[in-house]
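Okay, so here's the structure we're looking at.
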Amino acid sequence: MLYYHDTEFIALMKIIKILLIPVVFFVLTLVYLFPLFQGLILLPLDLLISNYTPWYQPGTILLKNFYMQDSIVQLFPWRHLVFESLTKGIIPLWNPYQYLGMPFMANLKPMVFYPLNIFFLFGEIKAWNFLLFSQIFLAMLFAYYLARDFKLKTFPSILASFAFSLNSYMIGLLEFGSDAHTIIWWPLLILFAKRYIDKQQQKYLFFLCITLTFSIFAGQLQYLGYFMIFFTGFIIYYGWAVKTKLSVYIFLFCSIVLGVGVSAIQLIPGIELFTYSHRGLLSQTQNHEVFTRGLISPDKLFRLFSPDFFGNPAVA
């Protein structure tokens, strides 16, 4: 029989404890998305026959959510161009396939600089599947770690991670491969800010800066804008609750500014592209309604707590 010294046994149990939750979440995500590992790809390709030739078949598909078409007519084709370019060592500044050509890298949605583009090493289709898989897995994991840092026990923390990663809004965004990747990093941002306030260790400022950059590179600035309002409120409230020093607020603010600065390679071209876009020009010369019409109105934020607050398009 093999015996361990107390210190060796404790070290082994710590390793098991650290790895157990990630392994459990990984397996649960595998179960939830098992068709991805049967050679399938998670895209609503059946919508091609609802609107687009030469596949169009009248009356075949009842299309209730036109927004879902974006994944097959824009987002996945954009990801294809990013894949083709980056695997050749080229930053795709220009898209020659739309109209007579148009700026591409400056458009935030293709996520040209998103770190999880590393999945392209495994091939284009696998990279897309890994991207969608990572959305659920990382959202579970990060939300769990945040809940545990707030001293929730294991089971409530798991429930919190499910509520964050598997709610109807996150799953509704899954097939876009982009929007929800802005959201999955938010638990880490809160976690690193909280830990810096608690411990004042510089490494958490670095982690916060990098995590914010990842969230920006995912390309959905409207979501991030709403979150940053909440995030600022959290830092102020939590810092006040634990009676932190003014210098802590200053360092946290500098870390946020640095994160925005690192992502300037994407933000500055994106802002410039918007100012010359149809919506950007009209909002400058006429009124702001042209701009705000495409934004989430504040009252729709109730959907964060009740997704069907305004009803849903389901029919009997």
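Readers should treat all values here as calculations from the given coordinates under stated rules, not as data from a laboratory. Here the structure is a predicted model, which is why all the values come from computation and not from measurement. Here Cβ is always computed from backbone atoms with ideal geometry, including for glycine, and neighbour counts include all displayed protein chains.
A few points about this structure:
- Amide H contacts of VAL112 (H built 1.01 Å from N, under 5 Å, at least 5 apart or other chain): none
- Taking the number of Cβ atoms within 10 Å of each Cβ as an exposure proxy, the fewest-first ranking of MET105, MET140, MET111 is MET105, MET111, MET140.
- Restricting the calculation to Cα atoms, the range 103-147 yields a radius of gyration followed by a Dmax of 12.9, 41 Å.
- Charge dipole magnitude, Cβ of K and R +1, D and E -1 - the range 42-171, Cα centre, debye nearest 20: 360 debye
- For the pair LEU121 and LYS243, label points projected 7 Å from Cα toward Cβ lie 4.9 nm apart.
- Net charge of Cβ neighbours under 9 Å - reference GLY219; Lys, Arg +1; Asp, Glu -1: 0
- Cα gyration tensor, the range 65-119 - rounded (a/c under 1.5), prolate or oblate: oblate
- The order of HIS278, HIS80, going from fewest to most other C-beta atoms within 10 Å of their C-beta, is HIS278, HIS80.
- FRET efficiency for the LEU93 to GLN222 pair, using the beta carbon distance and R₀ = 22 Å, is estimated at 0.35.
- Over the range 42-171, relative contact order from alpha-carbon pairs under 8 Å, at least 6 apart, %: 13 percent
- Across the alpha-carbon set of the range 214-265, the Rg to Rh ratio works out to 1.03, Rh being the Kirkwood radius.
- Estimated inter-spin distance, MET68 and VAL27, nm [label 7 Å along Cα→Cβ]: 3.2 nm
- Long-range HN-HN contacts of TRP94 with modeled amide H, under 5 Å: PHE104, MET105
- Kirkwood Rh (inverse of mean 1/r, distinct Cα pairs), the range 42-171, angstrom: 17.3 Å
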